[in-house]
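To keep things clear, I will list the structure first and then write my remarks on it.
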Amino acid sequence: MTVRFTKVTSATALAACLAFAACSKSDNTATADSATAMGKVAVRDTAAPAMVDPAAEAKTNADIFAVVHTANQGEIDAGKLASTKATNPAVKAFAKQMVTDHSQMHADATALAAKLAITPMMKDSGMVKDAMKDQKSMMDKKAGKGFDEDYLEKQVSDHQKVLDFITKSINDTHNAEIKAALQGAQSKVQMHLDAAKALKDKIKA
C-alpha cells in the first residue's frame with residue numbers, strides 16, 4: 001500500500017515512508033474509522049517521518065493512514081532536498097528514487113483511504129513536531145559529505161521504524177484491504193532500507 005504525504009518542513013523519514021501502525025481491536029473497520037473521522041485531517045501536508053515511534057501513535061485505521069501520510073510526505077520532502085543538496089551522485093540518485101517511490105505510495109494510500117471512506121486523523125502528533133525539527137536541521141546543513149552521510153543515516157533509521165510499524169500493523173489490522181496494502185508496502189520499504197544501508201556503508205568506506 002502506498003500513501004503519500006504532501007510537502008513538509010521536516011526531514012525524512014520517513015518513515016519512510018509508506019508506514020502503518022497498530023489498529024485497535026475495538027476500532028478496526030472502515031465503518032468505525034469513518035464514523036470518528038470528523039473534521040479536517042489533523043496531519044499537516046507538511047509532515048514527515050519522525051523520531052517518535054509511529055506505532056505508539058496509531059490506534060485506529062484513521063491513525064494508520066495518518067502515520068502513512070506523514071512518513072510518505074517526509075520521504076518526498078527529504079528526497080527533494082537531498083536530490084539538489086547532496087554532492088555524491090549515488091546519494092542524489094537514491095534521493096530522487098525516494099521521491100518517485102513514495103509519491104506513488106502516497107497516491108495509492110490516498111486512493112485506498114478514499115475508497116474506504118477513512119479520513120486520516122492524528123491530533124497533536126509528536127511525529128509531525130519531530131519531523132518539522134528534522135527538516136529544518138537538514139535544510140540548515142551545508143552541502144557536502146556531511147550532509148550526504150546525515151541524510152543516509154536518517155534514511156536508515158526512519159525506514160527501519162516504518163518497517164517495524166508496517167510489520168506490526170499487518171498483524172493488528174482486521175481490514176483485509178488495509179492488510180494487503182501493508183504487505184505490498186512492506187517489501188518496498190525493506191528494499192529502501194537495504195539500499196540506504198548499503199549506500200551509507202559505501203560512502204563511508
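The values are calculated or read from the model by the stated rules, or taken from the named source; none is laboratory data. Bear in mind the structure is a predicted one, so any value in this text is a computation, not a measurement. Cβ placement follows ideal geometry from the backbone for every residue including glycine, while neighbour counts extend to all protein chains displayed. Accessible surface is based on the protein model in full, side chains and every heavy atom, while ligands, DNA and RNA are left aside. Shrake-Rupley method; radii C 1.70, N 1.55, O 1.52, S 1.80 Å.
A count restricted to the range 163-190 and to residues that are basic (Lys, Arg) and modelled with pLDDT of 90 or more stands at 2. The set of residues in the range 189-205 that are open to solvent by 70 Å² or more (accessible area, probe 1.4 Å), in a helix (DSSP H, G or I) and over 20 Å from Gly74 (Cα atoms) comprises Asp201, Lys202, Lys204. Annotation note: Cβ proximity below 6 Å between a residue of the range 81-106 that is under 15 Å from Lys142 (Cβ atoms) and of a type in the set (Gly, Ala, Ser) and a residue that is modelled with pLDDT under 95 and surrounded by fewer than 23 Cβ atoms within 10 Å (Cβ to Cβ) (sequence gap 6+ or interchain) occurs for no pair.
Beta carbons closer than 7 Å, at least 6 apart along the sequence or on distinct chains, pair a first residue in the range 134-161 that is more than 14 Å from Ala95 (Cβ to Cβ) and open to solvent by less than 60 Å² (accessible area, probe 1.4 Å) with a second that is assigned to a helix (DSSP H, G or I) and at pLDDT below 85 for Lys161/Pro54. The residues of the range 43-102 that are at pLDDT below 80 and in a helix (DSSP H, G or I), listed by number, are Pro54, Ala55, Ala56.
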